[in-house]
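First up is the structure itself, then whatever we jot down about it.
The values are calculated or read from the model by the stated rules, or taken from the named source; none is laboratory data. Just so it is clear, the model here is predicted, and its values are computed rather than measured. Virtual Cβ from ideal backbone geometry, glycine too; neighbours counted across all protein chains shown. Quick note on the areas: whole protein, heavy atoms, side chains included, nothing else; ligands and nucleic acids left out. Shrake-Rupley method; radii C 1.70, N 1.55, O 1.52, S 1.80 Å.
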Amino acid sequence: MRNQFIWKQRVQEEKEHLKDYEIFESADYMELLRSITSEITGGTLKEVQLVKEPDAPYGGKCSSLRILLNIANEVTRSFPTIELKSDSIVGILGHECGHWNYSDFELRKNYLSDMEQGKWSLQLPLPKDWSGQERIMEISEFLAGNHPAARYIMTETASFIQNMLEDVYVEEIMCSRYPGSIQRGILQNRMKKWQMNCRQQHQKVMDLTAGR
């Protein structure tokens with residue numbers, strides 16, 4: 001019994017001395033992520049790559065070919081323990097796998113490409129009030145006319161809004177389908193992003209108040 005206690009104590013001491021990279025860049029951890037990926041994509045996604053880009057603004061990227069996980073992203077780094085950082089990485093993986101499962105990359109590409117060329121929608125929305133109708137007419141005029149700056153701004157805005165709505169959509173589905181580590185990681189990252197945004201906004205207000 002004493003030997004078992006000593007062994008557990010030594011294991012705990014070794015864990016406390018482990019560095020993040022020794023875990024997250026290990027072959028065992030990569031195999032764990034691949035196993036999770038295979039399970040939640042039905043084996044359809046074969047390629048997951050890890051990168052360390054602390055200055056990059058993203059935690060993960062998903063394309064029609066692969067998922068890229070930035071294990072040095074700001075959100076993951078902000079957590080104090082290896083366990084919480086691992087949950088964060090798994091949450092990002094779950095988010096990107098949600099895009100892999102449910103996002104239509106080709107449709108998004110075609111929609112934004114058409115908008116850049118001045119094509120907006122096959123059937124325009126019908127707002128109930130006059131102010132909304134004025135906005136629809138204004139947007140249509142900008143897209144139909146030779147206004148490259150306006151087209152660019154509207155395309156970028158549409159891209160941002162579409163991605164934001166799709167992020168919420170895929171996260172809700174993934175949290176519902178995988179209520180364990182996937183849900184925990186997604187919700188943990190979501191809360192941390194909200195906290196970080198609040199702090200940034202507070203700092204901006206303080207800077208403005210101080211006349212900086």
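Among the residues of region 169-184, write down those that are open to solvent by less than 80 Å² (accessible area, probe 1.4 Å) and either in a helix (DSSP H, G or I) or among the basic types (Lys, Arg) (or both).
Filtering region 169-184 down to residues open to solvent by less than 80 Å² (accessible area, probe 1.4 Å) leaves 170-171, 173-175, 178, 180-183.
If the condition is that a residue be open to solvent by less than 80 Å² (accessible area, probe 1.4 Å) and either in a helix (DSSP H, G or I) or among the basic types (Lys, Arg) (or both), then Val170, Glu171, Ile173, Met174, Cys175, Ser181, Ile182, Gln183 are the ones that fit.
Quickly run through region 172-188 and pick out the residues that are aliphatic (A, V, I, L, M) and either out of contact with any Asp or Glu (no Cβ under 6 Å at 6 or more places or on another chain) or on the phi > 0 side of the Ramachandran plot (or both).
Taking region 172-188 and keeping what is aliphatic (A, V, I, L, M), we get 173-174, 182, 186-187.
Hits for region 172-188 are Ile173, Met174, Ile182, Leu187.
Tell me yes or no: at least one residue of region 54-62 is among the charged types (D, E, K, R), out of contact with any Leu (no Cβ under 8 Å at 6 or more places or on another chain) and within 19 Å of Asn197 (Cβ to Cβ).
Taking region 54-62 and keeping what is among the charged types (D, E, K, R), we get 55, 61.
Narrowing the set further to residues that are out of contact with any Leu (no Cβ under 8 Å at 6 or more places or on another chain) leaves 55.
Now restrict to residues that are within 19 Å of Asn197 (Cβ to Cβ): 55.
Among the residues of region 54-62, at least one is among the charged types (D, E, K, R), out of contact with any Leu (no Cβ under 8 Å at 6 or more places or on another chain) and within 19 Å of Asn197 (Cβ to Cβ), which makes the answer yes.
Restricting the search to region 141-162, which residues are assigned to a helix (DSSP H, G or I) and open to solvent by less than 40 Å² (accessible area, probe 1.4 Å)? Spell out the reasoning first.
Step one: list which residues in region 141-162 are assigned to a helix (DSSP H, G or I), which gives 141-144, 148-162.
Result: Leu143, Ala150, Met154, Thr155, Ala158, Ser159.
Please work out if Gln188 is open to solvent by 40 Å² or more (accessible area, probe 1.4 Å) and assigned to a helix (DSSP H, G or I).
Values: open to solvent by 40 Å² or more (accessible area, probe 1.4 Å): no; assigned to a helix (DSSP H, G or I): yes.
Criteria not met by Gln188.
Which residue pairs have Cβ atoms closer than 9 Å, lie 6 or more positions apart in sequence or on different chains, and pair a first residue in region 26-50 that is under 20 Å from Tyr102 (Cβ atoms) with a second residue that is loosely packed, with under 14 Cβ neighbours inside 10 Å and of a type in the set (Val, Ile, Thr)?
Listed pairs, sorted by first residue: Ser38/Thr44.
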